[in-house]
1. Could you work out how much longer the chain between Ser121 and Thr205 gets when fully extended? Use 0.36 nm per residue separation minus the Cα distance between them, nm to one decimal.
2. Gain in length, His166 to Glu193, computed as 0.36 nm per residue apart minus the alpha-carbon separation, to one decimal in nm?
3. Hey, which lysines would be in cross-link range of Lys169, C-alpha to C-alpha under 21 Å, not counting anything within fewer than 8 residues on its own chain?
4. Under 8 Å for C-alpha pairs, at least 6 residues apart: give me the relative contact order for the chain, rounded to a whole percent.
5. Given Leu132, Gln42, Ile73, which one lies farthest toward the positive end of the charge dipole of the chain, if we put +1 on the Cβ of every Lys and Arg and -1 on the Cβ of every Asp and Glu?
6. Please give the FRET efficiency for Glu9 paired with Arg129, using the beta carbon to beta carbon distance and R0 = 22 Å, rounded to the nearest 0.05.
7. Taking the Cβ of Thr125 as the centre, find all other residues whose Cβ is under 10 Å away and add up their charges (Lys, Arg: +1; Asp, Glu: -1).
8. Would you list the membrane-span-like helices of the chain, meaning whole DSSP H runs whose alpha-carbon atoms span at least 27 Å along their axis and whose mean Kyte-Doolittle value is at least -1.0?
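Only the coordinates and a few stated rules stand behind these numbers; no lab work does. What you are looking at is a predicted structure, and each value in this text was computed from that prediction instead of being measured. All Cβ positions, even for glycine, are placed from backbone atoms using ideal geometry, and neighbour counts span all protein chains on display.
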Amino acid sequence: MSSSTTDQESARAERIERRRRQVIVSAAKILYETGYHGMVMQAVADDAGTSVGLIYQYFGGKSDVLRAVILDILEDFHRTVPPAMLAVGDDPEARIRAGFTTFCTTIDQKREATLLAYRESQTLTEEGRAELMRLETETIYPIREAVEDGIRSGAFREVSSALVAHNLKMAAHGWALKHWDLAAEMSLMEYVEAELDLTFAALRTVGP
């Protein structure tokens, strides 16, 4: 295969991905406004600047679009949280701080999609719901591992790492679910720092 052919195929793949991403962004906006049953594919196509026919080239149908919107935010966690935690080194507290901050920043960028995940997840097929639960569970593994490392090192007291990771996940989701209330009181970063302060106060071992 010639280099020019490879370049053409790469450019085509990038165009397809850009269009697919635009459909996901537009669908998230329409779904948030109308709900799944009220969503009309023509409205998604109009907002995305494409055709309904082209959307069906990328997605099998309306339920497939919903699945892509909901899973998109979980895939973002996989792309962003582990590298952010790895970049700060081995210290468990620094890793938790980096992971939770990235978690909240990602959710803040996609609050509508986060709300949709709660509101419309039961509309997914059984297979789609199973995939959603698997990915959501995987998103907090790095934070759970950091808690366990902190316990082993003696920096944290003996607690359930699963519960700590779960609580931080729910706190991050809470920024989207109750943003209308929280944003009146604090910025995103103030919220992150306040939640981490509470978490570390509960985790740290008491000195002699």
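1. Values: separation 84, 0.36 × 84 = 30.24 nm, distance 3.89 nm.
Going from the current span to full extension adds 26.3 nm.
2. On the way: separation 27, 0.36 × 27 = 9.72 nm, distance 1.75 nm.
Length gained between His166 and Glu193: 8.0 nm.
3. Within reach: Lys110, Lys178.
4. Numbers: 184 pairs, mean separation 41.9, N = 208.
Dividing the mean separation by the residue count of the chain yields 20 percent.
5. In the chain, that residue is Gln42.
6. Details: r = 35 Å, r/R0 = 1.58.
Step by step, r from the Cβ atoms, then E = 0.05.
7. Details: positive: Arg67, Arg129; negative: Asp64, Glu126, Glu127, Glu131.
Result for the local shell: -2.
8. Details: long enough: 3-34 (46 Å, -0.91); 62-87 (39 Å, 0.47).
Result, helices passing both filters: 3-34, 62-87.
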